[in-house]
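One structure is given below, encoded as structure tokens.
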Amino acid sequence: MNDKILITGAGGQLGQMLSSLLPEALPTDTAELDITDKHAVTALVKAKQIGTIINCAAYNAVDMAEDDPETAYKINVAGPENLAQSGCKIIHFSTDYVFDGTGCRPYRPSDPALPASVYGKTKLAGEQAVLKNAETAVIIRTAWLYSPYGKNFVKTMLQLGAQKEQIGVVCDQIGTPTYAGDLAAAVVKILPQLTPENKGAYHYTDEGVCSWYDFATEIMTMAGLKCVVKPLLSDEYQAKAKRPSYSVLDKSLIKQRFGLEIPHWRQSLKKCLEELNQ
């Protein structure tokens, strides 16, 4: 009976959170498994009797993807396709960047995807490859992920807040921060409900809505930092890839289907800051 769980991209923020919640799973990163190598995927799944894959591996350097679409495609499309063709059940993560961000109400999973960046386009193609090739697959689109691990917005703000008296942060990009620990806990609840009937794309972020500027201000306040956050417009902050200006995700479907309770982003930010202080 193949019932072992494989976590790919286990060295990342979400991968580390999942590995701690699922100690019985097999965690792998690029050193142990190159998901873009079909033979390596097939061999590992067979040797370790894998039944379920949680794919946290991704190329998510959004601006670099504009100059290196080939690598982004390999990791975000060819890799997930290999995993989906392994015969395993799969949970695969995607992004708010599959939408162009011109909307003004929370995006539903059924809304037309219109990615405006190479990163968004490869993530959408990866979703499609997984749904086409796996009999049992759940795609979870998320946004603004942070945790005590790796590089993320919260840790950058804490660092800058301790060093500088004032910083500028964009105020015209609206979305929802997501604590990786919350998403990992949701995945654990979804795992026993991973069936062909529940196949499809879902949205998960924490509850609430804010701009990056609001988020940064809250981080400084909660951390007791005196650094002043000034609002910037996206035009003043030159980035290679286009960001969605509005990417709030509608989570009704994932909550109804899998019986999830989702915390507010402020509550989860407090939790993460406490973990970082320990």
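Return the loop-located trypsin sites (Lys or Arg not before Pro) in region 28-85 (DSSP other than H, G, I, E, B) with at most 16 other Cβ atoms within 10 Å of their own Cβ; answer none if there are none.
Working: sites: Lys38, Lys46, Lys48, Lys74; in loops: Lys48.
When the trypsin sites (Lys or Arg not before Pro) of region 28-85 are filtered for loop state and at most 16 Cβ neighbours within 10 Å, Lys48 remain.
How long are the three semi-axes of the equivalent ellipsoid for region 31-141, computed from the Cα gyration tensor as the root of 5 times each eigenvalue, in whole Å, largest first? Intermediate results must be reported in sequence, preceding the final value.
Working: eigenvalues 132, 55, 17 Å².
Equivalent ellipsoid semi-axes, largest first: 26, 17, 9 Å.
For region 28-88, which GluC sites (Glu not before Pro) are both in a DSSP coil and crowded by at most 16 other Cβ atoms within 10 Å?
Working: sites: Glu32, Glu66, Glu70, Glu81; in loops: Glu32.
Filter output for region 28-88: Glu32.
Taking every eigenvalue of the Cα gyration tensor of region 35-76, multiplying by 5 and rooting it, what semi-axes result, largest first, whole Å?
Numbers: eigenvalues 143, 25, 4 Å².
Computed over region 35-76, the values are 27, 11, 5 Å.
Using a probe of 1.4 angstrom, how much of the accessible area of the chain is carbon and sulfur, in percent? Intermediate values should be presented prior to the final figure.
Values: 6670 of 12970 Å².
About 51 percent, which is the carbon plus sulfur part of the accessible surface.
What number comes out for accessible area per residue over region 49-133 if the probe is 1.4 Å? Units Å², please.
Result: 41 Å² of accessible area for each residue.
Could you check what % of the DSSP bridge pairs in region 141-278 are antiparallel, to the nearest 5?
Counting DSSP beta bridges with both partners in region 141-278, the antiparallel share is about 15 percent.
When the Karplus curve 6.51 cos²θ - 1.76 cosθ + 1.60 is applied with θ = phi - 60°, which whole-Hz ³J(HN,Hα) does each residue of region 133-141 get, with x for Gly and Pro?
These are the phi-based 3J(HN,Hα) values: 9, 9, 6, 10, 8, 10, 9, 10, 7 Hz.
Please state the equivalent ellipsoid semi-axes for region 85-124: what are the square roots of 5 times the Cα gyration tensor eigenvalues, largest first, in whole Å? Write down the numbers at each step before the final one.
Details: eigenvalues 108, 33, 10 Å².
Semi-axis lengths for region 85-124 are 23, 13, 7 Å.
Could you list which residues have their amide H under 5 Å from that of Leu145, counting only those 5 or more apart in sequence or on another chain, with H placed in the peptide plane?
Those qualifying (amide H under 5 Å, at least 5 residues apart or on another chain) are Thr178.
Normalising by the residue count of region 54-148, find the relative contact order in percent from Cα pairs under 8 Å and 6+ residues apart.
Working: 139 pairs, mean separation 36.3, N = 95.
It comes to 38 percent, rounded to a whole number.
Using a Förster radius of 30 Å, what is the FRET efficiency between Asp63 and Ser20 based on their Cβ-Cβ separation? Nearest 0.05, please.
On the way: r = 30 Å, r/R0 = 1.01.
That pair, Asp63 with Ser20, gives E of 0.50.
With every protein chain kept in the model, how would you rank His39, His203, His264 by accessible area, 1.4 Å probe, largest at the top? Before the final figure, lay out each step's value.
Numbers: His39 150, His203 0, His264 65 Å².
Putting His39, His203, His264 in descending order of accessible area: His39, His264, His203.
Just need the relative contact order of region 103-200 here, percent rounded to a whole number, with Cα pairs under 8 Å and 6+ apart.
In percent, rounded to a whole number, it is 38.
What residues have an amide H closer than 5 Å to that of Asn152, excluding those fewer than 5 places away on the same chain, when H is modeled at 1.01 Å from N in the peptide plane?
none
Would you mind working out the magnitude of the charge dipole of region 72-177 relative to its Cα centre, with +1 at each Lys and Arg C-beta and -1 at each Asp and Glu C-beta, to the nearest 20 Debye? Could you put the intermediate results ahead of the total?
Numbers: 11 positive and 8 negative charges, 37 e Å.
Around 180 debye, computed over region 72-177.
Report for the chain the percent antiparallel among DSSP-assigned beta bridges with both residues inside it, nearest 5.
Values: 2 of 33 bridges.
Taking every DSSP beta bridge with both residues in the chain, the antiparallel ones total about 5 percent.
Taking a threshold of 28 Å on the Cα-Cα distance, which of the pairs Lys151/Lys240; Lys4/Lys255; Lys89/Lys123; Lys74/Lys271 fall above it? If you can, show how the numbers build up before the last one.
Numbers: Lys151/Lys240 19 Å; Lys4/Lys255 26 Å; Lys89/Lys123 19 Å; Lys74/Lys271 35 Å.
The answer is Lys74/Lys271.
Can you give me the Cα centroid spacing of region 101-155 and region 200-278 in angstrom?
After rounding, the separation between the Cα centres reads 15 Å.
Multiply the residue separation of Glu32 and Asp250 by 0.36 nm, subtract the distance between their alpha-carbon atoms, and state the gained length in nm to one decimal. Write down the numbers at each step before the final one.
Numbers: separation 218, 0.36 × 218 = 78.48 nm, distance 3.56 nm.
Once the chain is fully extended between Glu32 and Asp250, it gains 74.9 nm.
Please list, ordered by chain and number, the residues whose modelled amide H lies under 5 Å from the amide H of Val228; skip anything fewer than 5 residues away on the same chain.
So Val228 has HN proximity to Gln166, Ile167.
Note down the relative contact order for the chain as a percent, whole number, built from C-alpha pairs under 8 angstrom at least six residues apart. Provide the component values of the computation, followed by the final result.
Working: 570 pairs, mean separation 57.1, N = 278.
Reported relative contact order: 21 percent.
On average, how much area does the Cα convex hull of region 82-180 cover when viewed from any direction, in nm²? Numbers along the way, then the final one.
Details: hull surface 32.7 nm².
Over every viewing direction, the Cα hull of region 82-180 projects on average to 8.2 nm².
Connecting C-alpha atoms closer than 10 Å in a GNM of the chain, tell me which of Gly224, Gly87, Gly11 has the biggest fluctuation.
Gly224
The values are calculated or read from the model by the stated rules, or taken from the named source; none is laboratory data. Please read all numbers here as calculations on a predicted model, not as lab measurements. All Cβ positions, even for glycine, are placed from backbone atoms using ideal geometry, and neighbour counts span all protein chains on display. Accessible surface is based on the protein model in full, side chains and every heavy atom, while ligands, DNA and RNA are left aside. Shrake-Rupley method; radii C 1.70, N 1.55, O 1.52, S 1.80 Å.
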